[in-house]
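What follows is a single structure, written as structure tokens, with notes after it.
The values are calculated or read from the model by the stated rules, or taken from the named source; none is laboratory data. This structure is a prediction, so every number in the text was calculated from the model and none was measured. Methodologically, a virtual Cβ is constructed for each residue, glycine included, from the backbone with ideal geometry; neighbour enumeration extends over all protein chains shown.
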Amino acid sequence: MVFVLLTYGGWNEAAYLGAEMRRQGDIVRALLFSIALITGLYLLVNWAYLRGLGFAGMARSGAVAADLMRAAFGTAGEKLVSALVALSALTSMNATMIVGARTQYALGRDWPALARLGAWDGARGSPVHAMRLQNLTALLLVLLGAWTGGGFRAMVEFTAPVFWLFFLLVGVALFVLRVREPRRARPFRVPLYPVLPALFCAMCAFMLWSSLSYVQRQEFGGFNAAWIGLGVLAVGAVLLVLLRARSGAPVPHPVD
């Protein structure tokens, strides 16, 4: 499930643009429609793999889509699907760059010590410094993956526990903020509260446990992947302490 749910990864990033939407309800519709579409496509593609290659063929394959297209349409089909995969990767990177930089931008807006990340380029309509930082980080990760070998699998192995931990924390934060700020105006009501967010938190906790169990048996550059993820979190905790010592608690700002 760690790798299966990675297929759906990125759905949450649409919410990063919520403050820039003219109508916030559009985010809900976009999320529901896109997840339903991706689920349908995912099931159809896997059905095609199963019918064309079978379980044994899928298990032996290092590139399932290319092998299926080669079996169905020959070498031309294999090259076509490989080109489509490369094109899809480019579009995915473009979307991730647009939405991912909004997190660093929000940090810059909230923490005075990181104010440069909160700079907004009105002509381009984007957070320029946050975008540069994200691109630099991405290039460093690419180089790290190339140096250690098996870059994609390695990135999943040591980031999956961190990913599910923060998803869990977001769900828990919903309950905490409802208790701390019961009178705050909430333009979007959580459906089936508290059942739906409780189920979400339970699923995230299960996936956190599953991803930790998986990476306990994996290594990345000679180090256990779980310890690398914990190391990244530890660095973040130290930076948080330093930021609080330098500028105090964050001051949230609405997006202009």
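Data table
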{"quantity": "Residue in segment 94-109 that is in contact with a Ser or Thr (Cβ under 8 Å, 6 or more places away or on another chain) and aromatic (Phe, Trp, Tyr) present", "calculated": "no"}
{"quantity": "Lone unmet requirement of (1) modelled with pLDDT of 80 or more; (2) under 19 Å from the mean Cα position of the chain (by Cα); (3) within 20 Å of residue 16 (Cα to Cα) for residue 110", "calculated": "(2)"}
{"quantity": "Yes/no for residue 198 being within 29 Å of residue 127 (Cβ to Cβ) and either of a type in the set (Asp, Glu) or modelled with pLDDT of 85 or more (or both)", "calculated": "no"}
{"quantity": "Residue within segment 71-81 that is within 23 Å of residue 8 (Cα to Cα) and assigned to a helix (DSSP H, G or I) present", "calculated": "yes"}
{"quantity": "Among the residues listed as 36, 19, 30, the single one being in a helix (DSSP H, G or I), assigned by TED's automatic domain parsing to the domain that holds residue 96 and over 28 Å from residue 122 (Cα atoms)", "calculated": "36"}
{"quantity": "Contacts under 7 angstrom Cβ, first residue in segment 69-91 being under 21 Å from residue 50 (Cβ atoms), partner assigned to a helix (DSSP H, G or I) and of a type in the set (Asp, Glu), 6 or more apart", "calculated": "69/78; 70/78"}
{"quantity": "Residue match in segment 145-153 (condition: at pLDDT below 85 and closer than 25 Å to residue 243 by Cβ)", "calculated": "no"}
{"quantity": "Subset of segment 8-55 that is charged (D, E, K, R) and either more than 25 Å from residue 160 (Cα to Cα) or out of contact with any helix residue (DSSP H, G or I) (no Cβ under 7 Å at 6 or more places or on another chain) (or both) - its residue that is surrounded by the most Cβ atoms within 10 Å (Cβ to Cβ)", "calculated": "26"}
{"quantity": "Residue 206 vs. criteria modelled with pLDDT of 85 or more, outside the structural domain of residue 115 (by TED's automatic domain parsing) and closer than 22 Å to residue 19 by Cβ", "calculated": "no"}
{"quantity": "Pair list, Cβ under 8 Å, 6 or more apart: segment 38-62 residue within 16 Å of residue 72 (Cα to Cα), other residue charged (D, E, K, R)", "calculated": "53/67; 57/67; 61/67"}
{"quantity": "Of all residues in segment 101-113 being in contact (Cβ under 8 Å) with a residue 60 or more places away in the chain and either surrounded by 20 or more Cβ atoms within 10 Å (Cβ to Cβ) or touching a strand residue (DSSP E or B) at 6+ places or on another chain (Cβ under 7 Å) (or both), the one that is nearest to residue 236 (Cα to Cα)", "calculated": "111"}
{"quantity": "Selection from segment 52-107 of residues that are polar (S, T, N, Q) and under 29 Å from the mean Cα position of the chain (by Cα)", "calculated": "61, 82, 88, 91, 92, 94, 96, 103, 104"}
